[in-house]
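What follows is a single structure, written as structure tokens, with notes after it.
The values are calculated or read from the model by the stated rules, or taken from the named source; none is laboratory data. Everything numeric here is computed off the predicted structure, so don't read it as measured data. For neighbour counting, all protein chains shown are included, and Cβ atoms are generated from backbone atoms with ideal geometry for every residue, glycine included.
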């Protein structure tokens, strides 16, 4: 199975300068190639990445001798990325945009057809040389690596093959109810609290953004303040993603079947009273991680229908209420008199729905 891995690099000033030069080279070339493509298309021509690449190699590159000091693989992948961007556009995606300095700076390099060996906390990259990381890299062979810049730091990313591992599962099936009060409530009674990383950092972010607003645009102090804001946002995202990784790994490793609900996240975000709290949960990231980790650890991943009344249905007798207010945290059944926590009731309903769905699939 193909997995992605991204880690922070430990670089000195000379290495940071080399990274910035390659990222700037890629940005410089991307903007010119995008301009050439757009101009040719407006004139009625049919540009392709290969045609632009030949034009650049034969007529433009010789005019800039400083490019010989940088890796030629950067511009090779730049035209490939531009070709992929226009394929997405013609399939209904957005039109490719010009890149700005310091915004999503990145570049891709390889070893000229040979594999790159990765192992431990120190590895040798093509053209760049030896670099160090803060955590050990998985021992593997990769075709290419992506170097990206985020909030003042450089990151190394790559994809590698990993065999599927099926650990010994402790329990059969579990239903998971996601919510604002508690991030996840399991049908077996386990509750995983919501860390609220943005809420805890919101006061600091306001102070940093207020400080940035007072700086003169383009000044050195403005760049420093912008970097501080970016680092604060990165920390919030890292705390959320780390917590989700631990939770999804626990679920995929310990249960044979995992059942969640197909939530309308964009509809939940339309509620302005809960939009901030919903965004702070990372529900889409939770589902994405859980999906591929269930494939990795041999766990069945079942998604209940969006219109399944998991919250309104009694998990004891199956009675369905007409309506259920958001402030009602305890579900009280009007038919059998069962009183149970609202989130636990929904999780058990999802677990029951998953068992029924699996039974129908095996019989069919």
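Looking only at segment 130-139, decide whether some residue is crowded, with 16+ Cβ neighbours inside 10 Å, at negative phi, in contact with a helix residue (DSSP H, G or I) (Cβ under 9 Å, 6 or more places away or on another chain) and modelled with pLDDT under 90. The answer is no, given that none of the residues of segment 130-139 is crowded, with 16+ Cβ neighbours inside 10 Å, at negative phi, in contact with a helix residue (DSSP H, G or I) (Cβ under 9 Å, 6 or more places away or on another chain) and modelled with pLDDT under 90.
Restricting attention to segment 231-280, the residues being at pLDDT below 90 and either part of a helix (DSSP H, G or I) or under 21 Å from residue 297 (Cβ atoms) (or both) number 11.
One residue is enough: does segment 98-108 have a residue meeting the conditions more than 23 Å from residue 8 (Cα to Cα), touching a residue at least 24 places away in the same chain (Cβ under 8 Å) and surrounded by 12 or more Cβ atoms within 10 Å (Cβ to Cβ)? No, there is no match, as no residue in segment 98-108 is more than 23 Å from residue 8 (Cα to Cα), touching a residue at least 24 places away in the same chain (Cβ under 8 Å) and surrounded by 12 or more Cβ atoms within 10 Å (Cβ to Cβ).
Check 103, 131 and return the single one that is part of a loop (DSSP other than H, G, I, E, B) and under 17 Å from residue 155 (Cα atoms). I'd like the intermediate steps shown before the answer.
Details: 131 fails: part of a loop (DSSP other than H, G, I, E, B).
Residue meeting the stated conditions: 103.
Would you point out which residue out of 200, 223 is more than 21 Å from the chain's Cα centre (by Cα), within 30 Å of residue 125 (Cβ to Cβ) and modelled with pLDDT under 95? Selected residue: 223, the only one of 200, 223 that is more than 21 Å from the chain's Cα centre (by Cα), within 30 Å of residue 125 (Cβ to Cβ) and modelled with pLDDT under 95. Applying the set (1) in contact with a helix residue (DSSP H, G or I) (Cβ under 6 Å, 6 or more places away or on another chain); (2) assigned to a loop (DSSP other than H, G, I, E, B); (3) at pLDDT 90 or above to residue 47 leaves exactly one unmet item: (3). Among the residues of segment 312-322, none qualifies, meaning not one is loosely packed, with under 12 Cβ neighbours inside 10 Å, closer than 22 Å to residue 171 by Cβ and at pLDDT below 90.
Of all the criteria given as (1) in contact (Cβ under 8 Å) with a residue 60 or more places away in the chain; (2) in contact with a helix residue (DSSP H, G or I) (Cβ under 6 Å, 6 or more places away or on another chain), the one not satisfied by residue 19 is (2). Among the conditions (1) buried (at least 17 other Cβ atoms within 10 Å of the Cβ); (2) modelled with pLDDT of 90 or more; (3) over 20 Å from residue 41 (Cα atoms), the only one that residue 122 does not satisfy is (1). Among the residues that make up segment 336-356, is at least one of them out of contact with any strand residue (DSSP E or B) (no Cβ under 9 Å at 6 or more places or on another chain) and assigned to a helix (DSSP H, G or I)? There is at least one residue in segment 336-356 that is out of contact with any strand residue (DSSP E or B) (no Cβ under 9 Å at 6 or more places or on another chain) and assigned to a helix (DSSP H, G or I). Residues in segment 100-114 that are under 22 Å from residue 144 (Cα atoms) and modelled with pLDDT of 90 or more: 105, 106, 107, 108, 109, 110.
If a residue has to be outside any helix (DSSP H, G or I) and loosely packed, with under 14 Cβ neighbours inside 10 Å to count, how many in segment 9-36 make the cut?
Step one: filter segment 9-36 for residues outside any helix (DSSP H, G or I), giving 9-12.
From what's left, loosely packed, with under 14 Cβ neighbours inside 10 Å: 12.
Matching residues across segment 9-36 total 1.
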